[in-house]
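Below you'll find the structure, written out as structure tokens, and then a few comments.
Every number in this text was worked out from the coordinates using simple rules, so none of it is lab data. Everything quoted here is computed from the prediction, not taken from an experiment. We place every Cβ from the backbone using ideal geometry, glycine too, and count neighbours over all the protein chains shown.
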């Protein structure tokens, strides 16, 4: 079955986004902004969606994934906007998705609420919209949240309709929601999230015999994937050779125990274990593996990466940008969403556009900032064929570096 990826994410009454806020999921989308501006929140909502369409999902937004991989307290009540209530347009936390083809529904919005009495979350409402932007139906929960039942005010025929969700997935056998059900099911095991701090590969490891469809969010199984897939291993090795003149190899070091090595191409030194080559090379491995997996039609359709440039030299960041542009150009057009502060990564993307390695319309950048009331606002930046941004908003991304350079220059002149 052909899996169509989402093309837009919308949230409201979520973290620092009280009003409806949408981002386009281009083949390559980059999120920039000050610390605590909401970049991670946007990216992680997509990770939550991927985790909440599983058959084993225990809540409309299953937070167990974030709780397991983040060293923070994760609770449903904490997902809601906590500021001025007048900025909120409707009750409940809204999660909306649009898809990039012409099939119906073109858009789905789910409203999720939380009962402080019963300490449970539930689906409060569902809105479906067709490709002509006509609302198909709007439904409101009228039952007890504890029943996990969802009763519509009216469907297309004006008759009551009862739904029971598994996570974010509506039930089978109801024509009115069959389209969105199929789209939600199509996201199972297709949304890859990598957290900002990834683990180093072990000094030795053995084959588990498994071939995971997604990496663990901490990247701990990246070497396992390479061990079971020679073609993928070759693709990742090509990146390291291009980016830093290193040869990536997996070798049997002790009767079925394997080690990962990253050795200078000139071979003038002995093999160097990957875990001894520095943080950047190890942090980069899951990023490149996830990207190579996304190039395949059976791989993830949405890849979410926090700080892909972590601990990397600017030259390698530019090489990584070029690699990610190649992934975004895969025939089935996956969506890569990156949260970053990297100047070099941005320049690498602009250079790839200017060299014709990725179309400007396939790249979208958002600058996130908070207003006086704490609500995040977005500036969308697109590019022309020369990689030139269409907005001065991008200047804010790197203005601080220019300011510091000017301060240093003023000191030199004064001294």
*Kindly state, as a whole number, the per residue volume in cubic angstrom of the convex hull around the alpha carbon atoms of region 275-387.*
116 Å³
*In percent, what relative contact order does the chain have, based on Cα pairs under 8 Å that are 6 or more apart in sequence?*
18 percent
*Given the Cα atoms of region 200-298, and with Rh set as the inverse mean 1/r over their pairs in the Kirkwood sense, what is Rg to Rh to two decimals?*
0.94
*Work out how far the C-alpha atoms of the chain reach from end to end along every principal axis, then list the three figures in whole Å, largest first.*
76, 66, 41
*Only Cα pairs under 8 Å and at least 6 apart count here; give the relative contact order of region 200-298 as a rounded whole percent.*
31 percent
*Helix-only [θ]222 nm of the chain, DSSP H runs n ≥ 4, -39500 (n - 2.57) each, per residue, nearest 500*: -9000 deg cm²/dmol
*Say we join alpha carbon atoms closer than 10 Å with springs in a Gaussian network model of the chain; which of 284, 364, 244 then has the biggest fluctuation?*
244
*Which residue fluctuates the most in the chain, going by a Gaussian network model with Cα springs under 10 Å, if the choices are 15, 54, 68?*
68
*Please work out the Cα convex hull volume for region 1-90 and give it in Å³ per residue.*
136 Å³
*Which ordering of 169, 349 is given by a fewest-first count of other beta-carbon atoms within 10 Å?*
169, 349
*Can you give the angle from 0 to 90° between the axis of helix 395-414 and the longest principal axis of the chain, with both taken from C-alpha atoms, to the nearest 10?*
40 degrees
*Could you list 365, 197 in order of exposure, starting from the residue whose Cβ has the fewest other Cβ atoms within 10 Å?*
197, 365
*State the antiparallel share, in %, of DSSP beta bridges confined to region 204-353, rounding to the nearest 5.*
65 percent
_Using Cβ counts within 10 Å as a stand-in for footprinting exposure, how do 194, 66, 268, 31 rank, fewest first?_
268, 66, 31, 194
*If one takes the longest principal axis of the Cα atoms in the chain, at what angle in degrees, from 0 to 90 and to the nearest 10, does the Cα axis of helix 230-244 lie?*
60 degrees
_Alpha carbon centroid spacing (whole Å) that separates region 5-84 from region 222-273_ = 35 Å
*Out of the DSSP beta bridges found with both residues in the chain, what percent are antiparallel (nearest 5)?*
75 percent
*Pairing the Cα long axis of helix 39-52 with the longest principal axis of the chain, what angle in degrees results, from 0 to 90 and rounded to the nearest 10?*
70 degrees
*Would you look at the GNM of the chain, springs on alpha carbons closer than 10 Å, and say which of 107, 200, 20 moves the most?*
20
